[in-house]
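Okay, structure first, notes after.
Just so you know, all these numbers are worked out from the coordinates, no wet-lab data involved. As the structure is a prediction and not an experimental result, all values here were calculated from the model. Note that we place each Cβ from the backbone using ideal geometry, even for glycine, and neighbour counts take in every protein chain shown.
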Amino acid sequence: MTAMKRVENVEGLKMSLNGQEVGVLTHYSGGKNIFVFSPSYIALPVTQRETLTLTQLADARYLTQPLVSAQRLTPVLSNLLPEGALREWMSRSLKVHTDNEFPLMAHMGRNLPGALLAEPIQAGQVPGWALDHREQVEPVQIDVEHSQDKFSLAGVQMKFSSVKGQDGRFNVGRDANADSWIIKTPSTVHKHVPYNEYTAMRLAQIAGIEIPEIKLVELNQLDNLPDIQLPNETHAYAIKRFDRDDGKRVHTEDFAQVFQVYSHDKYKKFNYEQIADALFQYGAQGLKDVQQMARRLLVNILLANGDAHLKNWSLIYSEGLRPKLSPAYDIVSTLPYVAGELEFALNMARNKNWYNVDMASFEAWANRIGVPWQAVKVHLNETLTLARENWPDKLSELPMVDSQKDVLKRHWQNLQTDFRITS
């Protein structure tokens, strides 16, 4: 006699990239989430198949296996969702637990980072191939709850999608426009973060780092800003979205997604050699991206940025198949906020202390990746020259508050001789 199956309700989301169905995400009332790649997607020739994740380029079996998780989604999807204050705020508005990620995905599906769309599937329309992976459960399809066309963006600060109008004002909550931006409001915990980040990003740009367009925006220039607590500060920080191009979505992926780890492990398990190795092996412009990454690593050390974790390094699939290193973002001088901080976020050549790093550290890093040291060294030398010649004078003109500038100048003096900057 056949045992009776347990009955569970199931909701479904269709996941697609630029109109190409990638798969279906199902959520069972018992808490299981299962993402299954579409047979039609698997059957496409590689040259015609939009890449969802670098992992599928490295592992030919990846697309054939269902990705099963409980409460949280599989990391390649989970890392599209917000962290910290924004997650808590959205979870409260939806009346769901912060670890219950399917409702967040359903709520945010039309405005995820990159090009991935998550669209609700009506009850009875979830395909059979997406339901074949829970043999002990009889699924009862129901309509998706919490599916609203609202805004979102992954990140630990309160940051929002917006569009910039012809009048120069920013309409928060929209992004389907040729002029799409991310707005990061002032922090209620740390003072003057917009000025700090704007300054750090400008200094990075001067040293040869590719960044998107950035601005400081007066808070009274923001329309439809949600009713959130803000400090007594006047400016937000705005950065143009590199995952939008003339109104079109461009697929992106951060390295927590690439390495299939959850956001709480973004400081653990992986290092800067592994990021560079992935770029070198599978990227569309391997050596060029490793050279740019070397510049960014050095700039993060010079700027005392201890937050360049896995989620702050991303790939961009502008051609749809093989990725490139995205422009830099989220470069902040963290030392003014973390007294006595000594370390950058991940290991590099078995070291995390920025006061112990020198040219030999970068040479060991390059050798571990297998890239020619001289091809990296020339970029480091140029970065140093640009920083030493320009940063001291430019820093005095930029809006970082004076007390933070003083911390940064002292930091420069404490670096190894190879990287010291005289202010």
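Below 8 Å between Cα atoms, with a sequence gap of 6+, how large is the relative contact order for the range 6-137 in percent? Result for the range 6-137 is 30 percent. To the nearest ten degrees, helix 272-282 and the longest principal axis of the Cα atoms of the chain are 60 degrees apart.
For the chain, the longest principal axis of the Cα atoms and the long axis of helix 402-414 meet at an angle of about 80 degrees.
With respect to the chain, whose longest principal axis is taken over its alpha-carbon atoms, helix 286-302 is tilted by about 60°. Both numbers refer to the Cα atoms of the range 1-42; Rg and Dmax are 13.7, 48 Å. On the beta carbon distance between Ala364 and Ala178, with R0 = 35 Å, the FRET formula returns roughly 0.20. Taking Pro327, Pro399, Pro372 as the candidate residues, the one with maximal mean-square fluctuation in a Gaussian network model of the chain, Cα springs under 10 Å, is Pro372.
Over the range 217-280, what is the mean sequence separation of C-alpha contacts under 8 Å (at least six apart), divided by residue count, expressed as relative contact order in percent?
Values: 20 pairs, mean separation 13.2, N = 64.
Contact order relative to length: 21 percent.
Between rounded, prolate and oblate, where does the range 6-137 land on the alpha carbon gyration tensor, with a ≥ b ≥ c its root eigenvalues, rounded for a/c under 1.5, else prolate if a/b exceeds b/c?
Values: a/c = 1.78, a/b = 1.25, b/c = 1.43.
Since a/c reaches 1.5 but b/c is at least a/b, the shape of the range 6-137 is classed as oblate.
Taking a straight line from the alpha carbon of Lys324, these lysines sit under 19 Å away, with near neighbours fewer than eight places off in the same chain left out: Lys240, Lys248, Lys288, Lys311. Counting Lys and Arg as +1 and Asp and Glu as -1 over every other residue whose Cβ lies under 14 Å from the Cβ of Thr334, the net charge comes to -3. Exceedance of the 31 Å cut-off in Cα-Cα distance is limited, within the set Lys352/Lys405; Lys95/Lys266; Lys32/Lys164, to Lys32/Lys164. Taking the Cβ of Trp412 as the centre, find all other residues whose Cβ is under 10 Å away and add up their charges (Lys, Arg: +1; Asp, Glu: -1). So the environment of Trp412 carries a net charge of +4.
Pairs of Cα atoms nearer than 8 Å and 6+ residues apart set the relative contact order; for the chain it is 15 percent.
Between Ser403 and Gln125, what is the FRET efficiency for a Förster distance of 51 Å, r being their Cβ-Cβ separation, to the nearest 0.05? Could you put the intermediate results ahead of the total?
Working: r = 58 Å, r/R0 = 1.15.
Once the sixth-power term is evaluated, E becomes 0.30.
Only helical runs count toward this figure. For the chain, summing -39,500 (n - 2.57) over DSSP H runs of n ≥ 4 and dividing by all residues gives -9000 deg cm²/dmol at 222 nm. A cut-off under 11 angstrom between Cβ atoms defines the neighbours of Ala115, and their net charge, with Lys, Arg +1 and Asp, Glu -1, is -1.
If you place +1 on the Cβ of every Lys and Arg and -1 on the Cβ of every Asp and Glu, how big does the dipole about the Cα centre of the range 5-114 come out, in debye to the nearest 20? All intermediate terms of the calculation are to be shown ahead of the outcome.
Details: 11 positive and 9 negative charges, 48 e Å.
The calculated dipole for the range 5-114 is roughly 220 debye.
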